[in-house]
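Taken together, the values in this text are just the output of simple stated rules run on the coordinates, not laboratory data. Keep in mind the model is a prediction, meaning the values are calculated, not measured. Don't worry about glycine lacking a Cβ; one is built from the backbone with ideal geometry, like all the others, and counts go over all protein chains shown.
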Amino acid sequence: MATTESVEAASSASPDGPEEIKGRSLSQIAWGRLKRDKTFIGSCIVLLIVLLVAIFAPFITGLIGVDPYSLDASAISSSGGKPNGPWGGASLDHPLGVEWGTGRDILARLLYGLRISLLIATTATILVVILGTLFGVISGYVRGFTDAAIGRFMDLILAFPFLLIVLALSGAMTQRLTDLGVPEGNASRITYLILVLGIFGWPYLARIVRGEVLSLREREFVESAIAMGASAPRIIFREILPNLWAPILVYATLLLPTYIAVEAALSFLGVGILPPEPSFGAMLSESVQFFQLVPSYLFIPGTVLVIVVVAFNLAGDSVRDALDPKAVK
Amino acid sequence: MAGYVVRRVLIMILLLLLLTMAVFFLFSLLPADVARLTCGKICTEQTLALNRARLGLDKSVFEQYWIFLTGLFFGRTFGEGPAAVVCDAPCLGYSFTRNEPVLDLIVDRLPPTIFLAMGAFVLFIIGGVGVGVYSALRRGRWQDKGVMGASLIGYSLPSFFIGLVAIYFIIIRWKLLPFPSYEPPWEDPVGFVQTMILPWVVLAILYAAFYTRLTRSQMLETLNEDYIRTARAKGLPERVVVRKHALRAGLTPIVTAAGLDLAGLLGGAIILETIFSLPGLGSLAVSAVLDPDLSILVGVTLVTATFIIVANLIVDLLYAVIDPRVRLS
C-alpha cells in the first residue's frame, strides 16, 4: 500500500524526460503534505514546548525557586493545612498554588509529573514497536506453523482484560522486580508499568505488521531479491523493513497518547506512581478530597493532560493522513 | 453454516480452557507468596498457614491447576476438618477475606455493571453512528469539521478526568443531581436513574467519539462506490440510499468494534465504577487489588475474558447476517 506511490513516482521520473517531472519518495510526499498542514504544525509546536518543559523541568523550577518535594508550612494554614488564599494558595512564590496539607508546589509537581508520564509512555511505545515489529515480521515472513502459533498466542493476550490484568499483577510483579534488583518504590513501579504496557500492547501492532509483510512478500521487488539469492536477513532488513515504517510510525504516534492516559489512570487507581513522586493520575486522585473547595487541583493537571493527549492525537492523525496514498487534499 | 458454527464453538471452548490455564499459571507462578495474596489487609501467621493448606500450595502447580479445573466442573472443598469450606460447582475459587465463593461475589456485582454497560452502549451506538453518518453527509462543511474536532477531543479525554469534572459541575456546583448511591432499579427507580445518568453519559461521550470517527470514515468510503451512484440513478430516495446501501455496506467494522467494546464494558468499567461508587465488577476488582485478594482477581479476570471470547464469536457470526457478501466456511 505505502510503496505503490513511491514506486510509481520513481518510475515516472525518466532520466531524459522534462525537468519538472521529478520522482518523489513517499516520505517526501508526506513531508510536503505535513508542512502545509496547519493542525500538524500547531500540535507539533505544542508538543515541542511540552517536551522542552519536561526535559528542562529542574532548570525551570529552579528559576522560579520551587521544587516538587519540599514542604512549605508558610503557604498553608497551621490548622488543617488549608492553602492560604484562593486558587489553592496561588501567589508569586507558587504560581499555580500549593498542595493541601503539605504546601508542596503544584507547578513543580506538574512539570515533574509530565517527565515521568512521558518517560513511561515513550519507553513503553518503543517496547511495543520492537516487539510488534519483531513478531509481526516473523509471523508474516515465516508463515506456516510459526505464524499460527504466534497468532494464537496473540489471541490469548488480547483476550485478557488489559486494565484488570495490569491492576491484578501490579502488587506481585513490583515485588518481583524489587527481588531482581530494581530499586524499591517508584523505580520498580515505573519499570513494571513500562513492561506491562509493552507486553500487553504489542499484538495489535504485530497484526498490522504481519498483514503488511504478507502482502510485501508477494511483491516483485521481494521476488526478484529471492530470485537473486538474497539471504532471509537481507530481504527482511533491506527489502521489507524499509517499507514498514509508515504503518509503524502511524501506530506509534497514536499509541503514545493512549499510554499517557493509561499511566495517569493507573496512578489514579493507586497502582502507578507513589507519592511524594508526582504524577498526573495521583494529583487527580488526590484532588477528589478537596476539589469542592479548591477546584484548581482538578482542573490544572486535568487540562494539561488533555492538552498533551489532544496534541499527540492531532499530530498522529495528520501523519496518518499524510502517509495515506489514497488521501486527496 | 452449521458446521462452521460448531467448529467455532469448539475452538472457543479450547481457547477458554487455554485461558483458564494462562490465568491460573500467570497468578500461580508469580514469585509472590500466593497465601499472602489471599490473606487480606489484616493478616496473621495462622491465616497464612491456613490459606496455604486450604489452597494446597504445597502441591505442584499442575496438581493445583487440576484441582482448580475439577472445581470448575464439580465443585471443591478448601481445607479439611472444621476449617473446611465447600465451594459448589462451578467453583471459580473462594475468597477467604470475605468468606464467600468468588462466583457469588461476581454474580452479586454483575447487575450494576450490566446496567452501566447496556445503557451507555445504547447511547453511544445511536449517538456515535448517527453523528458519524451526519458528518459524512456534510463532508468538508463546517458541521463536519465541528463534529470531527469535537470527536477528537472526546476521544482524547481521560475517563477519570471527565468523570470528575462531571461530578464537580453537575453534582457539587450546580446541585442538579444528588451524590451517587447505587440502588437496584426495582427498589428505587428514580434514585437508580439519578445515579446512573452521569456515568452513562460520560461513558457514552468517550465511546461515541470513536464510533463517530469510524462511521464517518466507513461512510465516506462506501458513498464513493459505484453502486451508490447506481442507486441514486435508479431514483431511490436519499434516505434509502444512505441507510440501505451506504451504511449497511460499511457496518462490518462498526459491529466488530461494538461487540468487543460491549464485552469489555461487561467486564467492568473499572475507572468509572470507582469514581461513581457503583458496586460493579470493576470496583470489585479494584478492592481485590488493594485488599489483596487473588482469588477474586482470578475469578473476575476469567469471567471478563470469557465475555471477550464469546463476543468475538458472536461478532464473527453476525458478519454473515449483516453483509451477504461474507461467506462462513
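Once phi is turned into θ = phi - 60°, what whole-Hz ³J(HN,Hα) does the Karplus curve with 6.51, -1.76 and 1.60 give for every residue of region B:209-214, x standing for Gly and Pro?
Coupling constants for region B:209-214: 4, 5, 5, 4, 5, 5 Hz.
Arranged by the count of other C-beta atoms within 10 angstrom, fewest first, what order do A:THR303, A:THR178, A:THR125, B:THR44 take?
In order of increasing Cβ crowding within 10 Å: B:THR44, A:THR303, A:THR178, A:THR125.
Can you give the local net charge around A:ILE45? Use residues other than it whose beta-carbon is closer than 14 angstrom to its beta-carbon, Lys and Arg +1, Asp and Glu -1.
+1
Over chain B, calculate the relative contact order: mean separation of alpha carbon pairs under 8 Å at least 6 apart, over the residue count, as a percent.
After rounding, I find 23 percent.
Write down Rg/Rh for the protein assembly as shown, rounded to two decimals, with Rg from the C-alpha atoms and Rh from the Kirkwood relation over Cα pairs.
Here Rg/Rh amounts to 0.98.
For region A:169-189 and region B:266-299, what is the separation of their Cα centres, given in Å?
First find each Cα centre; the distance between them is then 22 Å.
Arrange the following residues from fewest to most other Cβ atoms within 10 Å of their Cβ: B:VAL61, B:VAL298, A:VAL310.
B:VAL61, A:VAL310, B:VAL298
What's the local net charge at B:ARG54, with K and R +1, D and E -1, over the other residues with C-beta under 13 Å away?
Here the count lands on +1.
Where does the longest stretch of chain A lie that holds no GluC sites (Glu not before Pro) found in a DSSP loop with 14 or fewer other Cβ atoms within 10 Å?
Values: sites that count: A:GLU19, A:GLU20, A:GLU184, A:GLU218.
The reported range is A:21-183.
Would you work out the relative contact order for region A:113-322, in percent, from Cα pairs under 8 angstrom that are 6 or more residues apart?
Value for region A:113-322: 28 percent.
Take the alpha-carbon positions of region B:156-265, form their convex hull, and give its projected area averaged over all directions (one quarter of the hull surface) in nm².
9.8
For region A:113-322, what is the convex hull volume of the alpha-carbon atoms per residue, in Å³?
Cα-based convex hull of region A:113-322, divided per residue, equals 137 Å³.
Sorted from largest down, what three extents in whole angstroms do the Cα atoms of region B:103-328 have along their principal axes?
64, 47, 31
At 7 Å along the Cα-to-beta-carbon direction for both B:MET148 and A:ILE64, put a label point, then send me their distance in nm to one decimal.
So the label points at B:MET148 and A:ILE64 sit 3.6 nm apart.
Which angle from 0 to 90°, rounded to the nearest 10, does the C-alpha axis of helix A:162-179 make with the longest principal axis of chain A?
Approximately 80 degrees, to the nearest ten.
Which cross-chain or sequence-distant (5 or more) residues have an amide H under 5 Å from the amide H of B:GLU100, H modelled 1.01 Å from N in plane?
B:SER95
Compute the helix-to-body angle for A:26-35: its Cα long axis versus the longest principal axis of chain A, expressed 0 to 90° and rounded to tens.
It is inclined by approximately 40 degrees.
Which of the listed residues, B:GLY282, B:ALA257, B:LEU14, is farthest toward the dipole's positive end in chain B, when Lys, Arg count +1 and Asp, Glu count -1 at the beta-carbon?
Ranked along the dipole, the leading option is B:ALA257.
Let me have the relative contact order for region B:2-101, percent, based on Cα pairs under 8 Å that are six or more residues apart.
With pairs under 8 Å counted, the relative contact order is 19 percent.
For region B:143-240, which trypsin sites (Lys or Arg not before Pro) are both in a DSSP coil and crowded by at most 15 other Cβ atoms within 10 Å?
B:LYS175, B:LYS234
Where does helix B:2-28 land angle-wise versus the long Cα axis of chain B, in degrees 0 to 90, nearest 10?
That works out to roughly 50 degrees.
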